[in-house]
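J.: Sharing a structure here in structure tokens format.
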Amino acid sequence: KLKYKETVANIRPNFGTNSKELIKVHHLLNHTSGLHNALGDVVKSDPMLVCDWEETLNQVAKCTPETEPGSAQIYHYLSFGWLWGGVIEHASGKKFQEVLEEAIVRPLHIEGELYIGIPPGVESRLATLTVDTEELQKLSGIKAGPGVPPELLSNIAQMASGVPVLFNTLNVRRAIIPAANGPCSARALARYYAALATGGSIPPPHSADSKPPFGSHVHTPKFRTAPLKKKKGAGKKKGVGSTGNLQDVSNTDKNGYSQLRTSDANDEAAAGSSAVTRSWTRSWVSVNTRAGKFGLGFRRYNNRSGTLRCFGHSGRGESTGFCDVENNFAMAVMVNKMSLGSVTRGIVRFILEELGLPVPDEFSTSGEKGPDMVLNLAPPQQQR
């Protein structure tokens with residue numbers, strides 16, 4: 001069990017160098033660690049380094065923060081995945097993909113529809129990435145906002161045009177790049193957010209009209225067999241079985257659906273999703289950056305009234321997923337033609353308006369423009 005205010009060096013002993021001794025778990029979650037550009041220059045000179053999971057974990061542990069931990073919230077566009085990947089593996093003593101499988105894929109019954117690094121045999125089911133070059137040219141001249149590393153917007157149109165070429169290669173598709181390659185179906189991602197919206201309650205099965213049925217795809221994930229060294233005190237915890245499954249089997253409702261562990265409140269989890277949600281909310285408040293756009297690893301979505309309790313995350317090119325906690329609603333839109341978000345924005349707005357639900361600024365016609373993470377974090381006048 002991780003604690004938000006625990007130092008990362010306590011979990012990863014080799015991390016506590018080069019002014020990183022004071023970086024805590026919540027700094028990584030809230031994009032305030034100062035490591036927003038970690039490995040940025042290295043990846044530019046050697047793009048295929050992103051395919052070497054072990055090397056990127058080793059390299060990111062040697063980096064030096066650019067800002068004092070907790071002093072500035074700046075989007076960790078690639079480093080977030082490597083930083084958290086190292087924490088997860090050292091804290092659990094397991095491979096990152098193994099934890100993903102046990103904590104999310106199996107409990108949600110989305111086998112074969114969500115991967116970070118695909119196993120052999122899946123590539124034929126993946127869509128080919130393309131890019132709307134004409135629309136991306138509109139990015140020229142946009143300046144970075146306070147939450148965006150300037151390096152990320154440097155030559156962004158040219159970089160975006162090269163992303164599909166790189167990410168369509170089999171090497172990259174099979175690589176573990178948590179912040180950049182997570183092939184999944186829209187319904188699998190929506191199911192993940194649906195569980196989060198209710199504090200971890202696993203949603204009922206999809207309608208029989210949803211084809212093919214969940215679990216029908218061949219699913220043979222492969223993990224490294226060499227055991228990792230756990231952090232001190234990372235033994236068995238109450239509610240965690242010998243397999244390390246993070247699903248709380250002690251809390252199963254009358255329909256046989258159980259609870260995902262979404263907070264560190266072991267005792268409260270047994271009381272139901274409302275208790276878990278309350279615990280999670282308290283945790284959010286205690287470590288969150290006030291007025292920041294990120295909290296506990298997710299992008300905070302808002303509307304004009306300021307009352308919307310909505311969070312999610314979008315990727316470069318306009319694929320997105322989010323949930324509305326107040327209205328018990330979640331959705332995801334996945335696209336393979338990368339653009340500035342007009343298609344996704346239109347789909348999200350249409351569905352929410354049809355259902356009579358509030359539209360987050362990120363998808364409205366008058367608020368922040370589009371779901372693309374970079375555009376969301378740029379000043380509004382530069383987005384129109």
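J.: Calculate, for Glu123 and Arg304, the FRET efficiency according to 1/(1 + (r/R0)^6) with r their C-beta to C-beta distance and R0 51 Å; round to the nearest 0.05. Provide the component values of the computation, followed by the final result.
T.: On the way: r = 44 Å, r/R0 = 0.86.
After rounding, the FRET efficiency stands at 0.70.
J.: Would you work out which of Gly86, Tyr4, Val60 lies farthest towards the positive end of the dipole of region 1-122, given +1 charges on the beta-carbon of Lys and Arg and -1 on that of Asp and Glu, about the Cα centre?
T.: The listed residue farthest towards the positive side: Tyr4.
J.: Could I have the simple spin-label model distance between Thr133 and His206, label points 7 Å from Cα toward Cβ, reported in nm to one decimal?
T.: 3.4
J.: In terms of modelled amide H atoms, which long-range or inter-chain residues lie less than 5 Å from the amide H of Ser201?
T.: Residues meeting the criterion, in which the H sits 1.01 Å from N, are Leu260.
J.: Taking θ as phi - 60°, what are the ³J(HN,Hα) couplings along region 330-337 by the Karplus curve (6.51, -1.76, 1.60), each to the nearest whole Hz, with x for Gly and Pro?
T.: These are the phi-based 3J(HN,Hα) values: 9, 7, 8, 10, 10, 10, 10, 9 Hz.
J.: Give the distance, in whole Å, between the Cα centre of region 9-38 and the Cα centre of region 306-348.
T.: Between the Cα centre of region 9-38 and that of region 306-348, the gap is 29 Å.
J.: Then there is this: With θ set to phi - 60° and the Karplus curve 6.51 cos²θ - 1.76 cosθ + 1.60, what are the ³J(HN,Hα) couplings of region 76-86 in order, to the nearest whole Hz, using x for Gly and Pro?
T.: Each residue of region 76-86 in turn: 8, 5, 10, 5, 3, x, 6, 4, 6, x, x Hz.
J.: Can I ask one more? Would you mind checking Lys1/Lys337; Lys3/Lys211; Lys211/Lys293; Lys24/Lys94; Lys5/Lys62 for any pair whose Cα atoms are more than 32 angstrom apart?
T.: Working: Lys1/Lys337 39 Å; Lys3/Lys211 40 Å; Lys211/Lys293 36 Å; Lys24/Lys94 21 Å; Lys5/Lys62 21 Å.
In this structure, Lys1/Lys337; Lys3/Lys211; Lys211/Lys293 exceed 32 Å between Cα atoms.
J.: Around Lys24, which amide H atoms from residues at least 5 apart in sequence, or from another chain, sit under 5 Å from its own amide H, with H modelled in the peptide plane?
T.: Under 5 Å from the amide H of Lys24 lie the amide H atoms of Val8, each far enough along the sequence or on another chain.
Just so you know, all these numbers are worked out from the coordinates, no wet-lab data involved. All values reported here derive from a predicted model rather than from experimental measurement. Positions of Cβ are generated from backbone atoms using ideal geometry, with glycine treated the same way; all protein chains shown enter the neighbour counts.
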